[in-house]
Protein chains: 2
Amino acid sequence: MSTKEEKFNNYLRAKGLKFTPERKIILQEVFSLRKHFNADQLFEKLHKKNRQISRATVYRSLPLLVESGLIVETLRCQSKVSYEQIFGHKHHDHLVCIKCGRIIEFRNEKIEKLQEEVCKEHNFKAVEHRLGIRGYCSRCLSRANKKSS
Amino acid sequence: MSTKEEKFNNYLRAKGLKFTPERKIILQEVFSLRKHFNADQLFEKLHKKNRQISRATVYRSLPLLVESGLIVETLRCQSKVSYEQIFGHKHHDHLVCIKCGRIIEFRNEKIEKLQEEVCKEHNFKAVEHRLGIRGYCSRCLSRANKKSS
DNA sequence: CCTTTGTTGCGACTGTGTCTCAATTGCAAT
DNA sequence: ATTGCAATTGAGACACAGTCGCAACAAAGG
């Protein structure tokens, strides 16, 4: 099993790209953030740490991290693309609370299997899939019941 | 079974809003477009027909149509929110070709059931769910095979 | 007729993300 | 170490979807 750095480096080399200091810093920061994050949060955090890396570089690096298989584009929340670390994580799906924004992860093998079947039926070669269920989480539901008008 | 107009009107009245001529025109146009569309396509079409309805009004009306249950926000394609008519249609999910953009709809009862179970497990009240599988459609696959380099 | 409340269009604005371009850097070959 | 060159960077301008504030307007009720 290789490290994140190795995996990213291998990807970059294979494409004739360089593992620059900026990319190294971005890689580290991505994995020091919580699992779900977006471009701005990443930029902000770098900025606060006085890592002067431009917005453009941050935005340019994220697709590289996606292509290298370290992170993945997940849901779009409030018109922002949200990313998620997948290095060393299994695929899973999301319950998204539309009230508090909480993201609950789940994995259901049967659903995964059924998706494969659907693709087979349609001669479709899946690259990626996302199942997002939007609604109200248990906390928000119980809170709503307590102070029901 | 009520018509689209009645359903929209009922929703509006219930919220103390009005079924204005602009909203009527927008409603008609939405249902004369093909099933999947976005705000700009709608605006363009109205414009071409010399229906002088402002962009702002179009953007303001779409959330109303969503809340009234006539249309639904589906996938985001190329940073645009895409809508879909659901009046008189059953829920379904999508295979999206990342090469040609084709959208293939499917419905799988077992997946729907399993999703309900997942929600129950997490005490989650689903409002809406989207399953999008992105990949290559059969046409694009066979085309790629023919002229494989 | 007058008031209230919702609606519209206009244009300015916001915010995310992209692009251009000149200057710089990393790396391999010399 | 030096050179050559492609990749990279930062800065700011730009593109574009979507939103907002505001003044004029319309509908409904008293």
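Key figures
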item	result
Farthest positive-ward along chain A dipole, Cα basis, beta-carbon charges - from A:V81, A:L70, A:Q52	A:Q52
Estimated dipole of the stretch A:1-136 in Debye, rounded to 20 [Cβ of Lys and Arg +1, of Asp and Glu -1, Cα centre]	520 debye
Spin-label pair B:E109/A:R55, simplified geometry with 7 Å Cα→Cβ offset, distance in nm	5.1 nm
Modelled FRET efficiency - R0 45 Å, A:A126 with B:K15, Cβ distances, 0.05 increments	0.65
Nearest-ten-degree value, helix A:109-121 long axis tilted from longest Cα axis of chain A	80 degrees
Carbon + sulfur, % of accessible area of the stretch A:1-89 - ligands and nucleic acids excluded, 1.4 Å	49 percent
Accessible area (Å², 1.4 Å probe, nearest 10) - B:E128	40 Å²
Relative contact order of the stretch B:63-134, defined on C-alpha pairs under 8 angstrom at six or more residues apart (%)	25 percent
Chain B: relative contact order as a whole-number percent, Cα under 8 Å and 6+ apart	18 percent
Ellipticity estimate at 222 nm from DSSP helix runs (n ≥ 4, -39,500 (n - 2.57)) divided over the protein assembly as shown, nearest 500	-14000 deg cm²/dmol
Listed pairs A:K80/B:K120; A:K110/B:K4; A:K90/B:K120; A:K35/A:K120; B:K48/B:K90; B:K7/B:K90 exceeding 27 Å between Cα atoms	A:K80/B:K120; A:K110/B:K4; A:K35/A:K120; B:K48/B:K90
Summed buried accessible area for A+B [probe radius 1.4 Å, Å², rounded to 100]	3000 Å²
Rounded to the nearest 10 Å², the accessible area of A:D40 at probe 1.4 Å	60 Å²
Residue-normalised accessible area of the stretch A:1-139, expressed per residue, 1.4 Å probe, Å²	57 Å²
Rg and Dmax [Cα atoms of chain B; Å; Rg one decimal, Dmax integer]	18.4, 62
Heavy atoms of A:Y59 accessible to a 1.4 Å probe, total area in Å² rounded to 10	110 Å²
Residue-averaged beta-carbon neighbours from other chains (10 angstrom radius) around A:102-113	3
Chain B: angle of helix B:21-32 to the longest principal axis, Cα-based, in degrees nearest 10	20 degrees
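The values are calculated or read from the model by the stated rules, or taken from the named source; none is laboratory data. Bear in mind the structure is a predicted one, so any value in this text is a computation, not a measurement. In this analysis, Cβ positions are derived from the backbone assuming ideal geometry, glycine residues included, and neighbour counts consider all displayed protein chains. Heads up: the accessible areas ignore ligands, DNA and RNA and are worked out on the full protein's heavy atoms, side chains in. Shrake-Rupley method; radii C 1.70, N 1.55, O 1.52, S 1.80 Å.
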